[in-house]
Amino acid sequence: MVKLTIDGKEVQADEGKSLLEVCTDNGIFIPSLCFLKEMTNPPASCRLCFVEVEGLPKPVPSCRQSPAEGMVVRTDTELVRRLQRSALQLLLSAHHVDCRNCHANKRCALQNIAKFLGVGLKPKRLEPLAMEFPQEREHPNFIYDPYKCVLCGRCIFVCRKRTGYGVLTFARRGIDTVVSWFGADGPDSPPCDRCGECVNACPVGALKSKETVQAPMEAAGA
Amino acid sequence: MKAGPSNSDAIKERFETLKRDALQRFGEIKGAEVPRITIGMATCGIAAGAVETKAAFEKAIAQHNIDARVEATGCIGHCYAEPLVVIENPGFPPICYNNVTPGKARALVSSFLVDGDPLFEYVLGALEENDMIPSVRDFPRFSMEERIVTALSGRIDPEKIENYIAEGGYEALAKALALTPQEIVQEVQISGLRGRGGAGFATGRKWEFGLKAQGESKTVICNADEGDPGAYMDRTILESNPHQLLEGMAICAYAVGAEKGIVYVRAEYPLAVKMIRIAIEQAEAKGVLGSGILGTDFSFSVSVFQGSGAFVCGEETALIQSIEGKRGMPQHRPPFPALQGLWGLPTIINNVKTLSTIPAIIKKGGEWHKQMGSPKSPGSAIFSVVGKVVHPGLVEIPTGTTLRTLVFDICGGTPHRKAFKAVQIGGPSGGCLPEAFLDTPVDFDSLIEAGAMMGSGGMVVMDENSCMVDVARYFLDFTQKESCGKCTFCRIGTRQLLNILERITKGEGREGDIELLTTLCEEIKEGSLCGLGKTAPNPVLTSLKYFRDEYEAHIKEKRCPAGMCRALTAFYIDLDRCARGCDACVGSCPVEAIFTTRDRKKAIDQTKCVKCGECVAACPPQYTAVKRVSPPHLAPRIERPQEPQE
Amino acid sequence: MDAARPNENDDNVTPLKVLAATLAPFDVKRENLIPILQTIQEKEGYLSPEAMKMVAKHLGVTASEVYGVASFYNQFRFHPPGKHQIKVCLGTACHVVGGEIILENFERKLGIKHGETTPDREFSVDRVACVGCCALAPVAIVDETTHGHMAPSKVEGILLGFQIEKERKEREKEQRESGSQQ
């Protein structure tokens, strides 16, 4: 156990945990999308969980920072908030904002974080991006909406953790990146055990469970 | 595992045997009284027609039935002069000929080799001082360079290890094996060498981390995933002198205690892949690579991994992912690869130029290297100077040389008496520097201070016809396409930047765009996960800083000052200058936009014109009737006469 | 056709036996994934869904993993390329001297966009980021040949050259056929 100061408050923490968890454990909300506490190497890809640590020149993602004895952490500086707002606005500009018709309405992490940071869901500063993905895509067990996906990778992580092989992966690159399950219909492909963990792991409304879980396996992605 | 000083005599002896062998083979060739024709056959030479030239030489020699040797070499770096040929005719100094077409090749064989007339009109210069032919040393493009890494490029046959050894190759390795790893690391630290891949991290420190790192095995990786669109020195080094790189890798491996090496090469460089593979095979056969190098118990084997086209794989953590067979996505650092790299084991990753500098440092000493160039980034820097410049190609100069010397004195400045506007340094991570910065010395710190970056060493010279907003848009288009898509700032941020820049170059810029670009750029720089994202805004930030007036002209006046942005320009034909009856431009137009006016002159149908500029080139110089204007409404409108109905 | 959904019903599928022979020399190691994909593409010209599924089986990973990796890299294509592959360099040096105009000319003449293949599968056009012949800019690579100092008129010349070659071959073929009938 180590002692450190977060936002002026002295706290005790387990060195094995990430700073993000330590903050959360102590009731300090840190915006984040891609982190799950089971991860040994969090991807640090959503770029929301920044904090400032005394002695480090720049804000760091708290999910990849271990607490240390005597560390002084601030979660509410101007620079931290600026980066968080900017990252959130960028995510929203690439997100199909249609909360009223979204099944994740009111339990969506984006709504939550936007409220916390005081950011509107349709930021004026950035134009919504016109992106082209394949249409809403159906897996036998869920429906994936790439226009809502924030590419946090949680669904991929939980799938791989549970099955050991990963039905889901990222495919393509850059702004065109999507979650894919190519070949999931193949006779040789290891089956999806329909656990539904991927849907539960989605922080937004990009994955939706199909009501008819017993539906026959159809051509995935078709 | 360590070859202590005790067996240094044995190492020396082994190496001397190798060298005697090599010298004998190459001494025979050099001493022979037979003319020798050497042709630069690296990628750029071949693209310029070196294969055809070589065939022409061979055919002509056969036809004249003379005894002469035709050999291939790598690239000498003088791309403007390709195909480049050196002829060593007994009784003459070695003479360098530029732009040797098959026709010139035939003429050279019959006039020079047969009749003894060196054809002065084709000569670039002699490679040695003499009183017959002016030497290339009189030419600043040759005399102002100081070559370490490229010293042998274009002078040896890259496919023959004996040639490299005869020129002093692998001597440094033999010397290194008699030292302790600590001594080598120290020598590299003394040299002050900084990683030539872009960021300029001290090589000696990296090696020290590697030496101290614990792990069951260690790997040395040569990063030859040169992705900067406009830089090709790594390719040239691999194609022209692969053994020098292997020697550097072996020294590095011995110093840090690695047994395995990987050369990570771009798949777009097939010739480089071939050359490095040949070199590995030969080096293993000679015992300077593989198991028990030069009779010691130090073993080091090298393999080649071909990248698959992802710029981001130049980033070391992404490169490792890619070797492991995964998507090349950068990882959060720390841990740094020197401690936890490939398969979680210590991995030392160095750039081609860095590793290729090592043999010279070991041979001549760290102090020698430290004395060269500017004190904080000692040594030499290799740039590929391209774009609007008279003598493009690869240039190796001591660091600290000013940009002015490089662009104007060495490379001849901008052609066609156009005004110099800027020089883009460091590719997608770098920036554009204007004329006011021409006296900036080229070294890591001065360039970063000016807002650019040494990067991989790509340098593109721009003249008055280059639009800085368009150049920024071009680079963002590149980084946006090459972003791996992992982190928010790079994935979405670069796309947002690109959209704004595209709008501006199309004349749809708005009030506030410049401010939005600036803040977004700052946030992307701060927030991105890896170096690609952190440096992606640089081309925008520097052009905003130094060429803000161009952005304003695009946004407020819908005008492109350079006349490059096609949506903001128009071509028209000045009827006062157009010659009646001439139709040189008509055939050049790819879209049939040019029509004949009532008085048999020509005019451009603006609705069809794609603004390719072919008609400008086609219009005979005595008329120069085609004009380009911005904004486009300045072009006079001329109606197409009604076609007679059939 | 979207790249995320490779064509499942391609009639040009290589016999699976040939593929199996290609895979055999590679050890079952994850790090062989990219070299395997490169070898297949070199032989087949592209990665078919069947090929990717076989690679997955060979390496003991999911097909999804294989596609995830393949779709990350520019080098891999998921549709058969044209008989003649045209690559237009859009490196910095080529860009400042109008590389995009060259690309547009190829696209216009062939009636396709970059990344596409003509319906007769004769030509495909791609954009590449720097082939390292910057001093010859703008550059286009047609099959194995690098063409420097490109201009729209040269685009026409190159395509015309192929056209003439094709017609010549067809004529020869006709002559041979009519000759054999006699």
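Structure values in brief
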| quantity | calculated |
| --- | --- |
| Largest-first ordering by accessible area, 1.4 Å probe, given options B:GLU550, B:GLU435 | B:GLU435, B:GLU550 |
| Contour excess over end-to-end distance, with Cα ends at B:GLU28 and B:ARG640 and 0.36 nm allotted per residue | 213.0 nm |
| Estimated 222 nm signal from helices in chain C, with DSSP H stretches of n ≥ 4 weighted -39500 (n - 2.57), rounded to 500 | -15000 deg cm²/dmol |
| Fraction of accessible area attributable to carbon and sulfur, the range B:119-218 (%, probe 1.4 Å) | 49 percent |
| Förster radius 30 Å - calculated FRET efficiency between A:LEU56 and B:ARG205, Cβ distance, rounded to 0.05 | 0.90 |
| Interface B:C - total buried accessible surface [probe 1.4 Å, Å², rounded to 100] | 3600 Å² |
| Antiparallel content of DSSP bridges confined to the protein assembly as shown, in %, to 5 | 65 percent |
| Label-point separation in nm, A:TYR165 to A:MET1, each point 7 Å along Cα→Cβ | 4.5 nm |
| Residues of type lysines that C:LYS169 reaches as a straight line, Cα spacing below 21 Å, ignoring anything fewer than 8 places off in the same chain | C:LYS83 |
| Across chain A: Cys residues that no other cysteine approaches within a C-beta distance under 4.7 Å | A:CYS23, A:CYS49, A:CYS63, A:CYS99, A:CYS102, A:CYS108, A:CYS149, A:CYS159, A:CYS192, A:CYS195, A:CYS202 |
| Cleavage-rule hits (GluC sites (Glu not before Pro)) in the range B:14-102: DSSP loop, at most 13 neighbouring Cβ within 10 angstrom | B:GLU33 |
| Rounded FRET efficiency, nearest 0.05, which uses the C-beta distance separating B:SER143 from B:ASP115 and R0 of 51 Å | 0.95 |
| Separation of the C:LYS166 and B:ASP583 label points, Cα + 7 Å toward Cβ, nm | 2.8 nm |
| Spatially proximal lysines relative to B:LYS418 (Cα-Cα < 18 Å; intrachain offsets below 8 disregarded) | B:LYS388, B:LYS627 |
| Area of B:TYR572 that stays accessible when all protein chains are in place (1.4 Å probe, Å², to 10) | 50 Å² |
| Excluding exposed DSSP-loop GluC sites (Glu not before Pro) (at most 15 other C-beta within 10 Å), longest clean stretch of chain A | A:137-210 |
| By accessible area with a 1.4 Å probe, ligands and nucleic acids excluded, highest first: order of A:MET71, B:MET249, B:MET564 | B:MET564, A:MET71, B:MET249 |
| Solvent-accessible area of B:HIS64 with every protein chain in place, 1.4 Å probe, in Å² to the nearest 10 | 80 Å² |
| 1.4 Å probe accessible area per residue over chain A, in Å² | 48 Å² |
| Residue-level accessible surface for A:ARG162, protein heavy atoms, 1.4 Å, Å² | 120 Å² |
| Within chain C, longest stretch free of exposed GluC sites (Glu not before Pro) [DSSP loop, at most 14 other beta carbons within 10 Å] | C:9-143 |
| Residues B:LYS556 and B:ARG600, FRET efficiency given R0 of 45 Å [Cβ-Cβ distance, rounded to 0.05] | 0.65 |
| Pairwise label distance in nanometres, C:GLU174 with B:ASN99, each label 7 Å out on the Cα-Cβ vector | 4.3 nm |
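The values are calculated or read from the model by the stated rules, or taken from the named source; none is laboratory data. In this text the structure is predicted, and so the values were computed from the model without any measurement. Note that we place each Cβ from the backbone using ideal geometry, even for glycine, and neighbour counts take in every protein chain shown. Surface accessibility is based on the protein's heavy atoms, side chains included, excluding ligands, DNA and RNA. Shrake-Rupley method; radii C 1.70, N 1.55, O 1.52, S 1.80 Å.
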